[in-house]
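The values are calculated or read from the model by the stated rules, or taken from the named source; none is laboratory data. Just so you know, these numbers come straight off a predicted model, no measurement behind them. So basically every Cβ, Gly included, is an ideal-geometry build from the backbone, and we count neighbours across all protein chains shown.
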Amino acid sequence: MKKFSSFLITIFLVCNLCAQNSHTINAGNFYYTPQLLTINLGDTVHWINDGGLHNVNFDVNSISGASFNNPVSFASTPTNDVKIYSYVFTLAGSYDYDCSVGSHAANGMVGSIIVNSPSSFENLSVSNRTISKTYNLSGKIISKKSKGLIIYRYEDGTTEKKIILK
């Protein structure tokens, strides 16, 4: 039974190597953290509320009143719930957004997301980002020079899964 459970967990994790990544942005008293996030096409971003009434507004700049001219425009309903909003980015490009509640944007509650196109995936190298930690499939922290199925966690909060065969 133990071997079968380990086998199922391994299959689940290997299947997830092809899955898109999820990213979390925290929102609070006049901030989004991280304020700038680079993701890949198909990735999901979740905005989590650290406290207060907030939203994510990708439509009209709350400071200038001009359109953000994002590849896709949307705005969530202001909430004080823990989960503000989640969105799967299906169009590549640069997105700017803010919190349209009160004067939050004017006080610095703004952010940007860069969504890489599929051709950008090949050009994105590990050297462009700083690796924070390296994990194996069981979640144990390992050496950056390890072999096998490796999960890299970068300082910007993104993750990358690789198979190293050397």
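Across the range 78-102, the number of residues qualifying as more than 21 Å from residue 51 (Cβ to Cβ) and touching a strand residue (DSSP E or B) at 6+ places or on another chain (Cβ under 8 Å) comes to 9.
Would you point out the residue of the range 47-94, among those that are polar (S, T, N, Q), in contact (Cβ under 8 Å) with a residue 12 or more places away in the chain and not in a loop (DSSP other than H, G, I, E, B), that is surrounded by the most Cβ atoms within 10 Å (Cβ to Cβ)? Restricting to residues being polar (S, T, N, Q), in contact (Cβ under 8 Å) with a residue 12 or more places away in the chain and not in a loop (DSSP other than H, G, I, E, B), the top hit is 57.
Quick check on residue 44: is it within 25 Å of residue 160 (Cα to Cα) and outside the structural domain of residue 159 (by TED's automatic domain parsing)? Reasoning before the result, please.
Values: within 25 Å of residue 160 (Cα to Cα): yes; outside the structural domain of residue 159 (by TED's automatic domain parsing): yes.
It is true that residue 44 is within 25 Å of residue 160 (Cα to Cα) and outside the structural domain of residue 159 (by TED's automatic domain parsing).
Check 105, 92 and return the single one that is in contact with a Ser or Thr (Cβ under 6 Å, 6 or more places away or on another chain) and at pLDDT 95 or above. The match here is 105.
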